[in-house]
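Values in this text are rule-based calculations from the coordinates and carry no lab data. Since we're looking at a predicted model, the values are computed, not measured. FYI the Cβ positions are ideal-geometry reconstructions off the backbone, even for glycines, and counts take in every protein chain you see.
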Amino acid sequence: MGIMDRFIGKKARTKEEYYRMGCRSAKKGNLADAIGSWRAVTRMDPADGKAHYGLGLAYFVKDPVALKDEAVREWQTASSLEPNRSNYRTTIALASTNDAEALTEWIVDQWKQLLDRN
């Protein structure tokens, strides 16, 4: 039985279900399951910018040092898929400045917004 099977007692069938599972896991502080769920979305639909952005946020929240490169890659993918999203571009710009404090403050705000919306 996989992580997702244990999480809801049955397999998710759509990317929307996986996305919602990721949000629920993140709200509970279970970043490993949130990351797994959002990865599933990006495998099902590589053009889902929202999932790439959420995955990048989750990587950064989980470990801002060890997983920063993975987070930036996801944010870049999200931004290339949805170039009109200013928050995606701002996240990438802050990540490139090496101003850890400003980036962390921004990510905390973005994370809260993501969890409040879902």
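Per-structure values
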{"item": "Whole-Å semi-axes of the chain's equivalent ellipsoid (Cα gyration tensor)", "result": "24, 15, 12"}
{"item": "Label-point separation, Ala102 to Arg73 (7 Å along Cα→Cβ), nm", "result": "2.6"}
{"item": "Computed [θ] at 222 nm, helices only, for the chain once each DSSP H run of length n ≥ 4 contributes -39500 (n - 2.57)", "result": "-24500 deg cm²/dmol"}
{"item": "Whether the stretch 42-100 is rounded, prolate or oblate, judged on the alpha carbon gyration tensor where a/c under 1.5 counts as rounded", "result": "oblate"}
{"item": "C-alpha long axis of helix 68-81 to longest principal axis of the chain, angle in °", "result": "90"}
{"item": "Efficiency of FRET from Cβ geometry, Glu16 and Trp111, R₀ 25 Å, rounded to 0.05", "result": "0.75"}
